[in-house]
Amino acid sequence: MPHAPRIVAIVNITRDSFSDGGRFLEPAAALEHARGLVAVGADVIELGPASSHPDAALVSAREQIERLEPVLDGLASCGVPISIDATDVEVLRFAIASRVSMLNDVRGFPDPRFQEELADSDASLVVVHSLLERERATRDPATPEEVLASIDRFFEMRLAQLVKAGVHEDRLIVDPGMGFFLGADPASSIAVLQRIPELRARFGCPVFLSVSRKSFLRAITGRPVEAIGAATLAAELHAARAGADYLRTHDVAALRDGLDVLQALG
């Protein structure tokens, strides 16, 4: 393993996330869950105020901020960086004003005017690729070859735009997307996982991956989301050995144990 990736713990403050919607919608539940994830080894806590799967409902920026505010306040002294998973510019502005450490936009920060505002912030930016740059994933068909070509085009364009807007290169992190962000074919996610070293070398940025409980693992194994833990960990450990810098996960304890064993094995 080239280096130990940082573990980004998912805390969904949502009603309809595909695996845990509604469980952590209340601030007290979200805070308890986040603190528990820190206790078992999370390096970053990522708060998501709206779901991005294909069937997710729209949530207004105001409601997203109302979901985030008490949880951010409660985590102010948690001792780990906070990331916000959001696409709405108003929500991202709120996150910047709240001095979070990382912003994760599944559309890849497409607004040229907002890109200039991002240049004035200090947060790291997870620039996510998806086939259609929408707020939600898609079930559209695409071959692995089409997906890989889309990833190359997207990052060449978007990273250049952000740097031109004044964002320093050392703040940029690339996420190629996984599952339905790459369309309906699970082979596309597999192709991307096999290409992690090339992705890292080509764009010169840290690589962020989110395979946890994703649709392509369920398609490969035929298992429902509640039984997909072993498949998730296998994909995460592959990504770690391939050089991923950040792994975004629901099950921090399992991933931490797996990484510790890989480190021990050398």
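Kirkwood radius for the chain, taken over all pairs of different Cα atoms as the inverse mean of 1/r, rounds to 18.4 Å. In the chain, the DSSP-assigned H stretches of four residues or longer account for a calculated mean residue ellipticity at 222 nm of -13500 deg cm²/dmol, using -39500 (n - 2.57) per stretch and the full residue count as denominator. Distance between the C-alpha centres of segment 103-124 and segment 189-222: 23 Å, rounded to the whole angstrom.
Neighbour counts of other Cβ atoms within 10 Å put R35, R153 in the fewest-to-most order R153, R35.
Legend: ranking of residues T221, T14, T232 from fewest to most surrounding C-beta atoms inside 10 Å; resulting order T221, T232, T14. Could you work out the local net charge near V167, counting Lys and Arg as +1, Asp and Glu as -1, over the other residues with Cβ closer than 14 Å to its Cβ? So the surrounding residues net to -4.
Every read-out reported here was derived from the displayed coordinates using simple, explicitly stated rules and does not represent laboratory data. No experiment lies behind these values; they were computed from the predicted model shown. Positions of Cβ are generated from backbone atoms using ideal geometry, with glycine treated the same way; all protein chains shown enter the neighbour counts.
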